[in-house]
Amino acid sequence: MLPILRVMSDSPHPDPRSAASISAERVPGQIGPAWTPLADDVWAAPPPAPRRRALPRGFWKAPALTGGLVAVVLLASGQLPALAQALGVPLRPSAQGEAARRRLSEPPVAVPERVKAHDRETVERAAPGDLYYLRDHPLHPDNLFRPYTAGDLIDDPNSPRSALILDFRRFLDLFSVRQGQDDNFTIRFTDKRNGETLLIHELRAERAAHERTGSTVWENLDLTRRTETTRLLDSYFKDRGLTRNEVDVKWGRANQVEEAYERDLPFVQYEINLARRYGFSLLTTEIGTVETFNQDHLVSSAGARSRYQMMPDVLRGVGLKRYTLRTASGSRVDVREELHPLLSMEGAFAVMRGYTNAVGHELPGISSYHTGPGNIFAVYRMFAASHHRAYRADAPVLDAYLWGLTEGYPTVSSQTSFKTASRGYVASAYGALRANENRPIDRSLSFTGEGVRLRLGSSIRLSTLLDVLDRDGLAWTGLGYRDGQGDPRSVYERFRKTNPHLQLPPSYDGGVPASGDVLLTATEGGSDVRFFLPAGASVALRRVGYDVMDERRTRRYDEHTFLTEEAIENRADREYADLVRRAEHLSGFTALNRARLEDLYERFQRLAESDPSTFRLMQLNTIKTHRTIWRTNAFDRLVATLAYADGRGPMPPPEPSGAPMAPSETTGE
């Protein structure tokens, strides 16, 4: 690996060409020459290592036995390492061989000291058995997606497929550094041609201000980074003969990823449970990090909402409602169910399951959650039309997707709206997971309680409900503190934080304000009124005569939530599972399989009508999303292209004129 040029800015507008602001740093463990200063503002990279000339076939056969005996003698005498060093022959496996065994870098990120200190406190205060680590989880993508993210390569390391996998692993490593090592005050420039780091630009003044105050408006900082990025591309790199198309830019996100980790501690266990329930890896638990850094209130320019960024029609489709509640003062309080992660996460995972089934694998499925299934189908089509050596009729869809991220990206990005943000979406989720996989997670910080609804015809004032709970002394969890350790919040403020989807006003005296004393009922405006209480609340209310909760519709939130629903599979479920397995390969995208899907959809509808259980409704929602995607023109074009590529059909008609406009792309993303 080559040394890295690091620019450290003491002012908002440093001169990167100043000799005083540039330092050549040798990467730890680096072997070889360093950068050479040619002038005050020019540094030369070390010359490339000379290529080793291939020896004639059979060259080593004759002296093989003699060489083996010599090696044994040298090893026994301890002289083999010295001889290897003198000859310039590395004893360690090559970079390609190392990548075939594990990830390309191990570990990929340097953990900041503040994070280490925080994690030490977590370990010290946690009760025995309360801690767990994502690195050990069986759903880690490095366990599920071998050889694509880690592990030994199945094919010859020099095969076209192995080349795609190794390029993908390098791509993942770039985002592991971006999400876990480079903080938000860092801009990293790399050479697109060989992946080498050219320059690291740091905003030291802004970082120092953040360390003093503990607060930064990241959107404003990104404006500064955009200005600095443009200036460097137009001056520093241009002066060195590099064009914008030859330089890749990554803005560090480690601070925001760390904040997202903290925000998700009360809910990550439920995301993990949903991943297990829907057959996903832990990558899906990082969708909120990639979309919003787990901020529930953000709304995209297109109107997507919740920490998982679903459009309004999708929110309605997964049962997330908006309504108002009456208060004692005569005013009304808005309810926005998408603002509560425990309400929105189930819908987000259900949508991802339908997308994944439709495109054939979780990785392009997660990508389609952002870029749309049409773009993923376009990647598959272009892979089939590329005459790539890894293509075959039954190639895994994941091979086609990896081609679209790496070797085929220039083609894909020039003809679709699959641009920079789409390309880095899955890698960003992977990088966020790796940034946090070694951090301890304390189960005691998870929300535990009850998701409740009132019985039809029942009602209760919030002030009455909270008075009962306050006198009973129930523990409120998942609020970012340990109960009994000095939390000053009143029971109203605890209820308010536990239920962020209820837009309740703050209390300035600890009591329930009249403008926040809502009348809780079973339904309001045709929508079920759903809210959350501490564990044992329903029993406490019944004990003093308030038998208002619908016990049949109460969900307990604990380590078993989302995992206890019994699934009784039948022939239709097995046939659908077989169809989904077929779609893991390009050969599964056929008109015949779409006809099978239509038949299965009708059967699933009848099953859900006769048995509206959680499992049956989940299956119906999944296949409904899958069916919608397979009924699009994008699917038709994919089927036609694959049939032509395999000699089973005529040449498909030309693409519609004008590729869709790309979503807004941020330099450095």
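The values are calculated or read from the model by the stated rules, or taken from the named source; none is laboratory data. As the structure is a prediction and not an experimental result, all values here were calculated from the model. A quick note on method: Cβ atoms are made from the backbone with ideal geometry, for glycine too, and the neighbour counts reach across all protein chains shown. Heads up: the accessible areas ignore ligands, DNA and RNA and are worked out on the full protein's heavy atoms, side chains in. Shrake-Rupley method; radii C 1.70, N 1.55, O 1.52, S 1.80 Å.
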Förster radius 35 Å - calculated FRET efficiency between R574 and A117, Cβ distance, rounded to 0.05
0.10
Reachable aspartates and glutamates from K250, criterion Cα separation under 15 angstrom, eight or more residues apart if same chain
D173, D182, D183, D191, E196, E202, D222, E228, E665, E669
Given the C-alpha centroids of segment 538-582 and segment 215-264, what is the distance between them in whole angstrom?
45 Å
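Work out, step by step, the length gained on full extension between M651 and S507: first 0.36 nm times the residue separation, then minus their alpha carbon distance; give nm to one decimal.
Residue separation times 0.36 nm, minus the Cα-Cα distance, leaves 45.0 nm.
In the calculated pair distance distribution of segment 379-427, what percentage of Cα-Cα distances lie above 14 Å?
Tail of P(r) above 14 Å: 43 percent of Cα pairs.
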Rounded to the nearest 20 Debye, what is the dipole magnitude of segment 285-393 about its Cα centre when Lys and Arg each give +1 and Asp and Glu each give -1 at the C-beta?
260 debye
Can you compute the modelled spin-label distance between A205 and R240, with each label point 7 Å from Cα toward Cβ, in nm?
2.3 nm
Selected from G404, L320, Y369, residue furthest toward positive end of dipole (segment 316-405; charges at beta carbon):
L320
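For segment 514-572, give the percent of accessible area contributed by carbon and sulfur heavy atoms, probe 1.4 Å, rounded to a whole number.
Summing carbon and sulfur atoms, their accessible area is 46 percent of the total for segment 514-572.
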For segment 350-415, just the Cα atoms, rotate onto the principal axes and tell me the three extents in Å, largest first.
35, 26, 15
Could you tell me the distance between the Cα centroids of segment 328-397 and segment 130-193, to the nearest Å?
21 Å
Would you work out what percent of the accessible area of segment 220-293, with all protein chains in place, is carbon or sulfur (probe 1.4 Å)?
47 percent
With a 1.4 Å probe and all protein chains kept in place, how much accessible area does M345 have, in Å² rounded to the nearest 10?
0 Å²
For segment 368-458, go through all pairs of different Cα atoms, get the mean of 1/r, take its inverse, and jot down that Kirkwood value in Å.
16.4 Å
From the Cα gyration tensor of segment 250-334, with a ≥ b ≥ c the square roots of its eigenvalues, which class applies: rounded if a/c is under 1.5, or else prolate if a/b is larger than b/c, or else oblate?
prolate
Between A522 and T411, what's the calculated FRET efficiency when r is the beta-carbon distance and R0 is 56 Å? Round to 0.05.
0.50
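Determine the per residue accessible area of segment 506-634 with all protein chains present and a 1.4 angstrom probe, expressed in square angstrom. Intermediate results must be reported in sequence, preceding the final value.
On the way: 6800 Å² over 129 residues.
Value for segment 506-634: 53 Å² per residue.
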Once the in-chain neighbours fewer than 8 apart are removed, the aspartates and glutamates whose Cα is under 18 Å from K321 read D296, D313, D334, E337, E338, E346, E524, D528
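Which length gain, in nm to one decimal place, applies between D156 and V217 when the Cα-Cα distance is subtracted from 0.36 nm times their residue separation?
17.1 nm
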With the crude spin-label approximation of a point 7 Å out along Cα→Cβ, what separation in nm comes out for D334 versus R193?
5.3 nm
Report the Stokes-Einstein translational diffusion coefficient (µm² s⁻¹, integer) for segment 532-576, Rh taken as the Kirkwood radius over Cα pairs, at 20 °C with viscosity 1.002 mPa s.
160 µm²/s
Students often get this wrong: which residues of segment 506-544 have the backbone nitrogen under 19 Å from the point 7 angstrom along Cα-to-C-beta of T324?
506, 513-530
Using mean Cβ contacts within 10 Å as the protection proxy, how do 592-601, 363-372, 460-469 order, highest first?
363-372, 460-469, 592-601
With 0.36 nm assigned to each residue of separation and the Cα-Cα distance removed, S587 to R603 gains 3.3 nm
In nm², the average projected area of the convex hull spanned by the Cα atoms of segment 370-522 is 15.8 nm²
For segment 326-468, what is the accessible area per residue in Å² when the probe is 1.4 Å?
28 Å²
Grab the other residues whose beta carbon is less than 13 angstrom from that of T622, score K and R as +1, D and E as -1, and report the net.
+3
Keeping every protein chain present and rolling a 1.4 Å probe, give me the accessible area per residue for segment 184-281 in Å².
40 Å²
Zone of S444 (label point 7 Å along Cα→Cβ, backbone N under 20 Å): which residues in segment 247-279?
262-270
Roughly how big is segment 392-467's charge dipole about its Cα centre, with Cβ charges of +1 (Lys, Arg) and -1 (Asp, Glu), in debye to the nearest 20?
240 debye
Report, to two decimal places, the Cα Rg of segment 141-273 normalised by 2.2 N^0.38 Å (N = number of residues).
1.30
Student exercise, segment 379-522 dipole from Lys, Arg, Asp, Glu Cβ charges, in Debye to nearest 20
500 debye
With a 1.4 angstrom probe the carbon and sulfur portion of accessible area for segment 331-382, in percent, totals 47 percent
